[in-house]
Amino acid sequence: MSKPVSKHICIIGHGAIGLLWGHHFTAAGHRVTFMSRRQQLPPSKQCFTSYDGIESVNEFTFSHQLPHHCDFVLVTTKAYQVFDAISPFLAKITAPIILLHNGMGAVEALPLATYQQVMLATTTHGALINEDSLNHTGLGNTIIGNYQGLTDRELEHWQQLLGSALPTVEVHHNIQLPLLLKLAINCVINPLTAIHQCKNGELLSSEFDNQIDKLIHEVQQVISKLEPDWPHSEASLKQAILDVASATANNYSSMAQDVKYGRTTEIAYINGYLLKQADKLHIPLRETKKLIINLSEVDKY
Ligand code: KPL
């Protein structure tokens, strides 16, 4: 197969997932500029340990400015940073934008122009920043879909480009479905592991069973009303959530880590998003509210 033509990719957000894509794009022959809001920009040479344990060093441009030309913009900040990270530049972005973060609701707040092409994405790849190196800790799959302005052909083009750098990549014709499934998983695993400061796998113990069932009931009530094509029952949703807890049993969820290190959590865009939708539908969510109060984040959304 012929090598894809080299692209210039702008990545906003140089956390673990942004760097993971950056290293894979560079290895696939593309040029990567990271936009950073840090006063002191990171060093251009960045170390990477692949999933197979192969170490390499890749060279990136870190900049405070949007590059003059780029082929697409990948946004990998936390959900609550999306607005501040992208809206100052939004009017200048003519390339397609891909938003890749946990939680939902960030894109709706962006002042997008009608001509702008926007994709939403979700990934199950795992990556960890370890001292000065980025480790690819779990192989996964990325799903992309249209938010506005892209045809199926264009989606397949971006699927091909992304997938040739970091496989596997799928296109979903109703991206809301995979995003809502990820939201449901995060609504259960993230706050429980954050409150109990435990690994994802510890949620498989029977002591959490009752609370997990109550949360799933609430999640299912809301999502099944939001999305007419939602394919899950409470039982299949529970299975999906327990499968992720078991596949990531030895990991601490992103929210457990955010709480541990005193960082803002994404709860406003995860359980908070669910609660906002439930309020609109007049569905009371007692367990979800308790979790939010417990994490003392209630007034952040
Ligand atoms: O997405 C996750 C996270 O940690 O944010 C998983 C691992 C799926 C747990 O909900």
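The values are calculated or read from the model by the stated rules, or taken from the named source; none is laboratory data. Fair warning: this is a prediction, and the values are worked out from it, not measured in the lab. Cβ placement follows ideal geometry from the backbone for every residue including glycine, while neighbour counts extend to all protein chains displayed. What goes into the accessible areas is simple: the full protein's heavy atoms, side chains included, and nothing from ligands, DNA or RNA. Shrake-Rupley method; radii C 1.70, N 1.55, O 1.52, S 1.80 Å.
Go ahead and estimate [θ] at 222 nm for the chain from helices alone: -39,500 (n - 2.57) per DSSP H run with n ≥ 4, summed, over the residue count, rounded to 500.
For the chain, the value works out to -11500 deg cm²/dmol.
With +1 on each Lys and Arg Cβ and -1 on each Asp and Glu Cβ, and nothing else charged, work out how big the dipole of the range 166-301 is about its Cα centre, in Debye to the nearest 20.
With only Lys, Arg, Asp and Glu charged at Cβ, the dipole is about 320 debye.
If a cysteine in the chain has no other Cys Cβ under 4.7 Å from its own Cβ, put it on the list, ordered by number.
Flagged as lacking a Cys partner: Cys47, Cys187, Cys198.
Under a 1.4 Å probe, what is the accessible area of the chain per residue, stated in Å²?
Roughly 48 Å² per residue, with all protein chains present.
Which value, in Å³ per residue, describes the convex hull spanned by the Cα atoms of the range 139-261?
Looking at the range 139-261, the number lands at 124 Å³ per residue.
Hey, any idea what % of the chain's accessible area is carbon plus sulfur with a 1.4 Å probe?
So the carbon and sulfur contribution to the accessible surface is 51 percent.
Using a Förster distance of 41 angstrom, determine the FRET efficiency expected from the C-beta separation of Asn294 and Ser87, and round it to 0.05.
Efficiency at R0 = 41 Å is approximately 0.85.
Using unit Cβ charges (K, R positive; D, E negative) and no other charged atoms, how large, in debye to the nearest 20, is the dipole of the chain about its Cα centre?
640
Once the range 208-301 is represented by equal point scatterers at the alpha-carbon sites, with solvent omitted, what log10 I(q)/I(0) does the Debye formula produce at q = 0.13, 0.14, 0.17, 0.19 Å⁻¹?
The Cα Debye sum returns log10 ratios of -0.49, -0.57, -0.85, -1.05.
So the label point goes 7 Å from the Cα of Asn141 along Cα→C-beta, right? Which residues of the range 185-207 then have their backbone N under 19 Å from it?
Residues passing the 19 Å test: 185-186.
Return the long-range amide H neighbours of Val32 (sequence gap of 5 or more, or a different chain), with a cut-off of under 5 Å between placed amide H atoms.
For Val32, the qualifying residues are Ile9, Thr61.
Percent of alpha carbon pairs in the chain separated by more than 38 Å?
11
Between Ala249 and Gln40, 0.36 nm times their residue separation minus their Cα-Cα distance comes to what?
Between Ala249 and Gln40, full extension yields 71.6 nm more.
Between Tyr115 and Lys214, with labels modelled 7 Å along Cα→Cβ, what's the label distance in nm to one decimal, could you check?
For the pair Tyr115/Lys214, the computed spacing is 5.3 nm.
When the Debye formula is applied to the Cα atoms of the range 107-147, each taken as the same point scatterer, what base-10 log of I(q)/I(0) results at q = 0.15, 0.31 Å⁻¹?
Summing over Cα pairs of the range 107-147 leads to -0.58, -1.03.
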